[in-house]
Every structure is written in C-alpha cells, then in structure tokens.
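J.: First, the structure itself, so that you have it in front of you.
The values are calculated or read from the model by the stated rules, or taken from the named source; none is laboratory data. Everything quoted here is computed from the prediction, not taken from an experiment. For accessibility, only protein heavy atoms count, side chains too; no ligands or nucleic acids. Shrake-Rupley method; radii C 1.70, N 1.55, O 1.52, S 1.80 Å.
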Amino acid sequence: MLKTIQTTEAWYAGCLTPEGYSVIEAINAKQALEKLEGGEIDLILMDINMPDMDGYILTSKIKAIEKFSTIPIVAVTANVMRGDREKSLQAGCNGYIQKPIDVDTLAQQIERFMIRSNNV
C-alpha cells in the first residue's frame with residue numbers, strides 16, 4: 001500500500017502494520033510516483049492536500065499510466081463540503097475516507113476497498 005501524506009506518516013504505519021499491511025510512505029507527489037515505479041502497490045491512500053500537487057491531479061496522473069491504472073486509490077481528506085466526495089471520484093479515486101479517521105475502522109475500510117477491487 002502506498003500512502004501519500006506529509007505529516008502523519010507514522011500514524012498510518014502504526015495503525016495498519018499490526019493489521020498485516022505493509023505501508024510505503026511518500027511525502028509528496030514526486031516521491032509517490034517514484035515509489036510506485038519501485039514497488040508492488042496494492043492500494044493507495046491519497047492525501048488530497050499535499051505540498052507540491054493536489055491529490056486530485058496526482059490521482060489523474062496515476063490513473064493515466066496504464067500499468068498503474070487498476071490500482072485502487074482512496075481519497076483521505078478533511079474536505080467534507082458538499083461535492084468533495086464526488087470530486088474525488090471524478091478524479092479517479094475508487095473511494096473516500098474523511099478525516100478525522102476512525103482508527104478502529106480504518107483497516108476494515110481498506111479491506112473493503114481491496115475486496116471491491118479484487119486486490120486481495
């Protein structure tokens with residue numbers, strides 16, 4: 001799993017590693033694309049608010065690369081205004097998790113996205 005986020009990297013690893021997930025972290029869009037090239041990624045948790053490129057644009061870029069186009073991307077965002085979920089889906093995200101994230105259900109949410117995309 002690739003997680004693009006700038007400030008809470010250790011939090012995601014701390015929540016997901018005990019559940020059996022390997023977490024590869026990227027602090028910005030450039031690093032995310034580099035890590036996609038370098039590893040086998042089953043799912044991407046996409047922070048919509050990154051420092052160098054917003055997650056909507058990065059999602060579109062990833063989906064445009066044929067070898068990555070089937071990797072499910074789940075938007076993780078504090079953007080919870082009317083239309084934000086739809087904007088994430090229009091950009092190519094396969095799902096949407098709003099912040100604050102419920103630590104007790106995060107792993108189950110990820111499992112559901114992976115089952116839906118047949119990546120388990």
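J.: Find the relative contact order for region 15-120 and round it to a whole percent, using C-alpha pairs within less than 8 Å whose residues are 6+ positions apart.
T.: So the answer I get is 25 percent.
J.: State in Å² the accessible area per residue of the chain; use a 1.4 Å probe, count heavy atoms of protein chains only, and round to the nearest integer.
T.: Accessible surface, normalised per residue, equals 54 Å².
J.: Ignoring everything except DSSP H segments at least 4 long, calculate the 222 nm mean residue ellipticity for the chain; use -39,500 (n - 2.57) per segment, divide by total residues, nearest 500.
T.: Helix contribution divided over all residues of the chain: -11000 deg cm²/dmol.
J.: Right, another one. Work out how much length Val23 to Val80 would gain on full extension: take 0.36 nm times their residue separation and subtract the Cα-Cα distance, in nm to one decimal.
T.: Fully extending the segment from Val23 to Val80 adds 18.0 nm.
J.: Which aspartates and glutamates have a Cα less than 17 Å from the Cα of Lys35, not counting those fewer than 8 places away in the same chain?
T.: Within reach: Glu9, Glu25, Asp47, Asp52, Glu66.
J.: What accessible surface, in Å², does a 1.4 Å probe find on Leu36, ignoring ligands, DNA and RNA and rounding to the nearest 10?
T.: 0 Å²
J.: Express as a percent, rounded to the nearest 5, the fraction of DSSP beta bridges in the chain (both residues included) that run antiparallel. All intermediate terms of the calculation are to be shown ahead of the outcome.
T.: Details: 0 of 14 bridges.
Antiparallel bridges: around 0 percent, rounded to the nearest 5.
J.: Report in % the part of the accessible area of the chain that belongs to carbon and sulfur, leaving out ligands and nucleic acids; probe 1.4 Å.
T.: Values: 3200 of 6470 Å².
Carbon-and-sulfur percentage of accessible area, whole number: 50.
J.: Which order do Met46, Met81 take by accessible area at a 1.4 Å probe, largest first?
T.: Sorted descending by solvent-accessible area, the residues read Met81, Met46.
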